[in-house]
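> Sending over a structure as C-alpha cells; questions will come in a sec.
Please treat every number below as a calculation from the coordinates, not as lab data. No experiment lies behind these values; they were computed from the predicted model shown. When we count neighbours, we look across all protein chains shown, and the Cβ atoms used for this are built from the backbone with ideal geometry, even at glycine.
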Amino acid sequence: MKILQVLTYYRPHTSGLTIYVERLSKALAGRGHQVTVLTSRFDESTPEHEVVEGVRIVRVPVVARISKGVIMPSFGLVATGEVRSHDVVHLHLPQFDAAGVALRARAFGKPAVLTYHCDLELPAGLGNRVVNQVVHLMNSIAAKAAHRIITYTPDFATHSPFLRRYQPKVDTILPPVELPPHDEDAVRELARSTGIEGRRPVIGMATRFASEKGVEILLGALPRVIERHPEAVVLFAGQYQDVMGEQRYFERLAPTIDALRADGHWHFLGTLTPKQMAAYYPNLDLLVVPSLNSTESFGLVQIEAMMNCVPVVASNLPGVRQPATITGMGAIAAIGDADDLATKMLEVLDDPDRFAGDPPAVTRRFTPDNCAASYESLYDELA
C-alpha cells in the first residue's frame, strides 16, 4: 500500500508530533508499505527529496513564516501529485494545509485519515489570535472531509471541544513509543558531564522550552523540593534557545533558572538524539510534565521514562493524565499549581516503590509496530 503522511514539521524539527510520525512511518515501511512524508522545508539545509530508513521525504520550499506557521506557495501543486499517486492520505493536525489535502483526497477518491494530536494555542497577541482562528477553520474543513479521525485516548477525545463535533468518526490508537537500548557507558558519561554524580534526586523535564509546557510551574515547585532534598537537580532535555515564538518567555524565566544553575540545581542538555535520550532516562529519579493546556494531549516522554523504570508527575489535563493512570507509574498534579506539583513530586520521590509499575509491559503495549498494525487495519478497512 502507498501511504502519504502529511504534516507541517518533520525532521530535523523535534516535537512529539514529529517523533510520532517518524516512528509510525518507519514502522509502516518495515511492514512492507511504501511511505511518503510530505512536509515543509523549513530548514533550507535539508534536501527537498530524500529517503531515510525506507521512508521517502518530500519537503516543500518555504517563502515566509507567520508565527509558528509557514507559507509554501507550491504546496498545493506538490500535494496534488502526491495525493494522486498514493492509496491512502494520512493527515496530522493541527496543520494549516490539511484542509486542501483532505479535499484533494475526497476529489480523487482516496481514503483520508486524520490524526488529531493536540489543540493549537499560540501565545497572546492579535496576530496569533488570527492565526489560531484560521488554523482552526482549516482543521474543521479537514475533519469534515476526512473518513476517520484518530486521537490517542478516549479521555482526550471526550474532553476536546474540537473532537466532540465529529464523534461518529472518532477512534483512538495508542501512540508509538520506542528508544534504543541504553549503553551503560553513555549513562555514566552523561552523569559525569553534567556533574550530577552523587546528587539525588535527579528530576527530568524533556520538551521544548515553550510557554504551554509549564516550565515556570516546575520552577515554582522546586524550592519545596530542594528544601527537602538539598542536592536535587533538574536535567532539562530539549531545545531551549531560539525556540520559535518563545524568546520572551525564555528571557522572563532566565534569571530564576540562572540562579538555580549557579547552585548546580539546573542543567540544560539541549536537543538529544534517540541514543542520548536512552542514556538520559536511566539517570532520572522522576520525570515531570507540568503542561498547561491542550496543546499537550499525552506526552510521549512519559512512556519513554516509564520504559526505563522512571515514574512521572503530570498535569491533570485530558490525555496527559492517562500514562500515569494506565500504568500506575506516577501521580497527577493540578494544572498550573506549583504547590500541588511540589507535593506530588515529593510523594513520588519519598515512596518510589509505590509507583514502580511494570516497565516491560509498558514497552510491549506501546511498540511502534502495534501502532502501525492498528493503522494498517484502518487503512485496509477504508480502502
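> For a quick check of your reading of the filter: which GluC sites (Glu not before Pro) in the range 1-87 sit in a DSSP loop and have no more than 15 other Cβ atoms within 10 Å?
The qualifying sites are E44, E48, E53.
> Based on alpha-carbon centroids, what's the gap between the range 5-47 and the range 161-198 in Å, whole number please?
Distance between centres, Cα-based: 17 Å.
> Using a Gaussian network for the chain with springs between C-alpha atoms less than 10 Å apart, which of these wobbles most: D185, D339, D119?
Comparing D185, D339, D119 in the GNM, the peak value goes to D185.
> Report the longest stretch of the chain that contains none of the trypsin sites (Lys or Arg not before Pro) sitting in a DSSP loop with at most 15 other Cβ atoms within 10 Å.
The longest uninterrupted stretch comes out as 166-383.
> Output the Kirkwood hydrodynamic radius of the range 184-365, Cα pairs only, in Å rounded to one decimal.
16.2 Å
> Given a 10 angstrom Cα cut-off, can you work out which residue in D258, D285, D369 is the most mobile in a GNM of the chain?
Of the options given, D258 has the highest mean-square fluctuation.
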